[in-house]
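Here's the structure, in C-alpha cells; my notes come after.
The values are calculated or read from the model by the stated rules, or taken from the named source; none is laboratory data. Source: prediction; values computed, not measured. Reconstructed Cβ throughout: ideal geometry from the backbone, glycine too, with neighbour counts over all protein chains shown. All accessible areas refer to the heavy atoms of the entire protein, side chains included, with ligands and DNA or RNA removed. Shrake-Rupley method; radii C 1.70, N 1.55, O 1.52, S 1.80 Å.
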Amino acid sequence: MNIATTCPYCGVGCGVLARVGRDGATHVEGDPTHASNFGRLCVKGAALGETVDLQGRLLHPMVREADSSLRRVSWNDALDRVAAGFRRVIDEHGPDAVAFYVSGQLLTEDYYVINKLAKGYIGTANIDTNSRLCMSSAVAGHKRAFGEDVVPGCYEDLEQAELVVLVGSNTAWCHPIVFQRITKAKEAGGDVRVVVIDPRHTATCESADLHLPIKPGTDVWLFNGLLAFLCRHGAMDAHFVDEHTEGFAQAFAAAEADAGDPAEVARICGVQLTDLLTFYRWFARYERTVSLFSQGVNQSSSGTDKVNSIIHCHLLTGRIGRPGMGPFSITGQPNAMGGREVGGLANMLAAHMELENPVHREIVQLFWRSPRIASRPGLKAVDLFDAIDDGKVKAVWIMATNPVVSLPAADRIKRALSRCEWVVSSDIVTQTDTNAFAHVLLPALGWGEKDGTVTNSERRISRQRAFLPTPGEARADWRIVCDVAQRMGFDKGFQFDHPHEIFVEHARLTAYHNGDQKSDGELTAHRLLNLEGLTAISRRAYDAMSPVQWPVLPNGDGTARLFANHRYSHPNGRARFIAIRARAPAYVADRDYPLILNTGRVRDQWHTMTRTGKAPRLTGHIPEPFVDMHPHDALRCGVREGELARVQSAWGAMVARVKHGGGVLAGNVFVPIHWNDQFASDARVGSVVNPVVDPISGEPEFKHTPVRIEPFPVRWYGFALSRRSLAPDDLSYWTSIQGDRFRRYEIAHRERPSDCRAWARAWLGVTDADADWLEYEDRSTGIYRAAHLVDDRIESSVFLSSRPDLPSRHWLAGLFLHERLDEVDRIALLIGEPGDAGASTGPMVCSCFGVGRNTICDAIRSQGLESPAQITSRLRAGGNCGSCVPELRQLIAEVRAEVNA
C-alpha cells in the first residue's frame, strides 16, 4: 500500500507516494494529488528508495571513550548522561552556557519541543538552526517589510505571471519542480518573460529571455536602481503606497543617491546598459510580476538589505497579494519554514512572536506554563560556535546537521568542538565530520521512519509519514528531547505520547491571544501565522491530514495568498519601506587573493551527501568536487582543466579538480558545498569561506570570499573501481563515489609507486599469488592498468597515469553489472578502452533514466534531433524532473556547431 508522505530535500515540499515492495525494496513516485508537485519528482526525490538502507546507520546510543573509540550503551544510560551533562553546566555556569544547534531536516514537532525546552524551561535562547545559513536574511527582510516572516504568494503565481524574475537562484538545479512549473507556463504560450539575475551562467539561464550576470554583491544597486527607474517612469501605485505603506520617501531618497543613474548602475553591476534597461522596462510594463529569490540573495553580508530592495519594487507598484505577482523567497530546506514557525531561530519566539517583546514573552510563558522564559536573543550560528571556541558555551546538542562541513571558517568549528566540554549529537549515521567530536551519539529516526509535519516555501503544511520499521534502537527526535527534559527535572510540559499532541499544542499557541487588542490591558499579538482550524484536530484527522496552507481558517480551509486586504503585521497595519544604502561585500579581492569564490549546490546532491551520496544514480552526473573557473584565470594561476588545484583563502584551503564550465565570469570561481571528509580527502569548501555575517540576519557571506588558486602537484592520477570499500587515506588526493555494485575512487599522489604491481595488489587486497590478475604497464608513459577477477567476474580494477586524461569510467562501471567477462572484455581492460566504440554511454546527463552524454549526442547526430522534446521522445531523457533539459539544449547546440564547422 502506498503511504502519502513528503520529500525530505528542498523547500518545494513535493508529495511522495512510498511503499515497500515484496522484494523488500522501497519504491517511490510523485503524489499526483499534492498541490506542490502534482506527481512530479526531481531525480533526488525519485531516487529516495536507494537511500534508505542501513549501511552506516547509527542504530544504538553510543558514548565516546577516553581513547576516542565508541561504546554502545543503553538508552537509559545515554539519556542520563545527556541530562546530567547539561544540568551540571547550567548549575555551574548558568543557562547561557548551554546551546542547541538544530536543522531544517527536523519535523515541526521535533523543532517545537526542543525550542520549548531551551527558551521556556532552561531559559536560554541559545538555540539556532542551519536555516540561519540559508533563509535568515529572507526572514529578517520579511519582518522589516511586513512585520512578520511571511511569504505572500504561492506556486500558482509563477504559472500566472507575465514576468518571472529569478534572483540568485539556479532554480533548474536547486528547485527543479518549481522550475518545471515556470517553463511549462512559458511553453504554453502567451507573453511570458523570464529574467535570470546571477553572476554565473547556470542551467536556469538556458530558459531565460534575459540573463543579467551582475557582479557579485551588487544586487542592492540593481534593485535600488529599479526602484528609482519605476518612480521616474510612472510605474508607482501612489494610492497603494500612500494608504498601505510607510517610509517611502526615505527609501526613494536612498535609492536615488546610490542608483539614480542607470548608466552608473550598469557600470557598477558589470552588465550592458541595454540589458539593464530591458529588465527595468519589462518590470515596469508587466503587472503580473513574481520576483523569486534564494541563496544568491540571502547568503551575503548585506542579504537583508538585498531582500528588502526586491520587496520595495513590489510595494512601490502595489504588486503583492494578488494572483501572479509578489516577492517570493524559495526555501532551501524541507522544513526551514516549519522551524521558523515554532521559533527555531535564536532571535525568535514560537508562533511568530518576538523574543524582545515583553508582551510576547508573557503570552508564550503563560501558554507553556513554563518556569521561566528567555529574555534576550541567543547566539546566532556563527556567534554560537565562536562562543564555544572561546569557552563561553560549554555544552552543545547538535541535531540533524553537520556544522563542521556547512559553517564558514569551518576549521574553527572543528577546533571549537574539540575544546567543548560536552557535545551531544542526534543523527541517523555514525560517521560524519561533526560526529567525530561528539561525546554522546543518539540514534534518530530518518525519512520514512519518522512521523510529523513540514512546511514548504508556499506555507503549505504537509505530513511526513512513516512507512519503514524503526531500525535498531533509533527514536524520534521529539521523544529523545522529552526524555532528556524529564530527566533534567522538567516533568511537566514534555509528557507527549505522540506527535499529534505536539502539533495540537503548536496549533493552539499560534491562535493564542492572536488578534487585535480589544480592551485595555489585554495581551494580544497580531500575526498571520494562525492554525485556528487545526487546534482541535483529532488523532485520526491528523493521521489523515491533507496538505494545507496557513493561515488555516476556523473551517479548516487554507489561504493561498496573503495581503489581499492590504493589512500587514506591523502595529499600524502598514508595510514598510526601508532606507537602504548599497554597500560592497566585507572582503574584496586583492593582490594575495585575486579571485572571488562563490559556493552552492549541484543538481543531484544535497547538503553534505549523507543521504544522496548513497544513490548510484545521483553520483554519476558530477562525481567529484571541482573548482569552476574562467580559462584566462586558470592560465594566470598556472592550472589546467582536469588537473588538481588548491583553493586557498585567509581562513583555510581545499583541493578540487579544475573545470571550465563556461558559466563563470573572469575573476570568479565556483565550488560546490557538498563534499566532506567522508567522501574526499580535502574538499570542505566551508573551511575556505569567510566568517563575515549580515549584521541583521546573522547569515554568512557564502557567495563572496577572496581566494587564490594554486597548482596541487602530483606525480600520477588514477581511479579504481572495487566491489568492496578501499582505504585511500594515505593518498594525496581521493574522492569516493558510490556506483552500482561497486565503489569508485578518483585518486592522485605526490609519489609514484616504485612497484605498481605490488602497490595495486596490496591496495586492492589481492593476496592470492594465483589470483586471476590482468595488468598492463608502460613505464615510458607512466601508464599502469590492472584488474582482479574471481570466477571471471570483475572484483576490482585500477588505472594509473602521469596525466589526468584517463579511460572512460562509465564503460568500466558497466562491466561490474556482468556476472562473467568474456575474452573481448579482458582484452579491453588491458587496452583501456571498449572494443565496441559505442559501449561507453559517456558522463551522465539524465540521472532519472540513466542516459549519458555520448548516447544523447549520437542520437542528435544520427536522427537529426533539434529539440529537448525530440530527445525525450527517443531516449526518455528530460522526461521526468526536467532538470537536465537545459543541458540537452546545450548538447544540441554543441552538435550543431560541430556539424557546421
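Could you tell me which GluC sites (Glu not before Pro) in segment 766-843 are loop residues by DSSP with no more than 15 other beta carbons within 10 angstrom of their beta carbon? Can you show the working numbers first?
Working: sites: GLU775, GLU777, GLU795, GLU819, GLU823; in loops: GLU819.
Answer in residue order: GLU819.
Please compute the Kirkwood hydrodynamic radius over segment 707-779, one decimal place, Å, based on all pairs of different Cα atoms. Could you put the intermediate results ahead of the total?
Working: mean 1/r = 0.0721 Å⁻¹.
That comes to 13.9 Å for segment 707-779.
Using a 7 Å offset from Cα along Cα-Cβ at LYS184, what residues in segment 4-20 end up with backbone N under 20 Å from the label point?
Of the residues in segment 4-20, 5-18 have backbone N under 20 Å from the label point off LYS184.
List, largest first, the extents of the alpha carbons of segment 356-426 along their principal axes, each in whole Å.
41, 22, 21 Å, listed from the longest principal axis down.
Give, in nm to one decimal, the length gained when the segment between ARG583 and HIS93 is fully stretched (0.36 nm per residue of separation minus the Cα-Cα distance).
Gain in length upon complete extension: 172.4 nm.
Would you mind computing, in nm to one decimal, how far apart the modelled labels at ARG896 and ARG876 are, each placed 7 Å from Cα along Cα→Cβ?
Each label point lies 7 Å from its Cα, and together they span 2.8 nm.
Volume per residue, Å³, of the convex hull around the alpha-carbon atoms of the chain?
Given the Cα convex hull of the chain, per-residue volume reads 172 Å³.
Taking R0 as 56 Å, what's the FRET efficiency between ARG820 and ASP411 from their Cβ-Cβ distance, rounded to 0.05?
0.70
With charges set only on the Cβ (+1 for Lys and Arg, -1 for Asp and Glu), what does the dipole of segment 108-237 come to about its Cα centre, in debye to the nearest 20?
Roughly 460 debye for segment 108-237.
Enumerate by residue number the trypsin sites (Lys or Arg not before Pro) in segment 244-288 meeting two conditions: DSSP loop (anything except H, G, I, E, B), and at most 11 other Cβ atoms within 10 Å of the site's Cβ.
Details: sites: ARG267, ARG281, ARG285, ARG288; in loops: ARG288.
Filter output for segment 244-288: empty list.
I need the calculated FRET efficiency for the pair ARG741 and LEU523, taking r as the beta carbon distance and R₀ as 60 Å, to the nearest 0.05.
0.45
Just check segment 24-136 against the gyration tensor rule for me: Cα atoms, a ≥ b ≥ c as the square roots of the eigenvalues, rounded for a/c under 1.5, and otherwise prolate or oblate depending on whether a/b exceeds b/c.
oblate
So how far apart, in nm, are the two label points at GLU156 and ALA257 if each is 7 Å from Cα heading toward Cβ?
4.3
Projected onto the charge dipole of the chain (+1 at Lys/Arg Cβ, -1 at Asp/Glu Cβ, origin at the Cα centre), which of GLY493, PRO886, HIS239 gives the Cα projection farthest towards the positive end?
HIS239
Given the alpha-carbon gyration tensor of segment 204-305, what are the semi-axes of its equivalent ellipsoid in whole angstrom, ordered largest first, with each equal to the square root of 5 times an eigenvalue? Walk me through the numbers on the way to the answer.
On the way: eigenvalues 95, 54, 46 Å².
Ellipsoid semi-axes (Å, largest first): 22, 16, 15.
Spin-label point model (7 Å from Cα, Cβ direction): what's the GLU29 to LEU59 distance in nm?
It works out to 3.2 nm between the two label points.
Students sometimes get this wrong: rank ARG809, ARG181, ARG861 by accessible area, probe 1.4 Å, all chains present, largest first. Show your work: numbers first, answer last.
Numbers: ARG809 40, ARG181 10, ARG861 110 Å².
Sorted by accessible area, descending: ARG861, ARG809, ARG181.
Using a simple charge model, +1 on the beta-carbon of Lys and Arg, -1 on the beta-carbon of Asp and Glu, nothing else, what dipole does the chain show about its Cα centre, in debye to the nearest 20?
Details: 99 positive and 107 negative charges, 134 e Å.
Once rounded to the nearest 20, the dipole reads 640 debye.
Using the Cα centre of segment 651-792 as origin and beta-carbon charges of +1 (Lys, Arg) and -1 (Asp, Glu), tell me which of ALA786, VAL707, GLY765 is placed farthest towards the positive end of the dipole.
Comparing the listed Cα positions along the dipole, VAL707 ranks first.
How big is the Cα convex hull of segment 1-71 in projection, averaged over all directions, in nm²?
The orientation-averaged projected area of the Cα hull of segment 1-71 comes to 6.8 nm².
Note the full-extension length gain between ASP792 and LYS392 as 0.36 nm times their separation in residues minus their Cα-Cα distance, in nm to one decimal.
Working: separation 400, 0.36 × 400 = 144.00 nm, distance 6.14 nm.
Difference between extended and current length: 137.9 nm.
Could you tell me which GluC sites (Glu not before Pro) in segment 495-580 are loop residues by DSSP with no more than 15 other beta carbons within 10 angstrom of their beta carbon?
GLU522
Can you compute the FRET efficiency between ASN357 and GLU641 using 1/(1 + (r/R0)^6), with r the Cβ-Cβ distance and R0 = 45 Å? Round to the nearest 0.05.
After rounding to 0.05, the efficiency reads 0.25.
Once the Cα atoms of segment 643-760 are picked out, what are the Rg and Dmax in Å?
Values for segment 643-760 (Cα only, Rg and Dmax): 16.8, 59 Å.
Taking the alpha carbon gyration tensor of segment 231-373, what are the square roots of 5 times its eigenvalues, largest first, to the nearest whole Å?
Equivalent ellipsoid of segment 231-373: 36, 18, 15 Å, largest first.
Toward the positive end of the charge dipole of segment 252-305, about the Cα centre and with charges on Cβ (Lys, Arg +1; Asp, Glu -1), which of TRP282, GLY260, SER301 goes farthest?
Farthest towards the positive pole: TRP282.
What does the convex hull of the alpha-carbon atoms of segment 225-270 project to on average, in nm²?
Directional mean of the projected Cα hull area for segment 225-270 stands at 3.3 nm².
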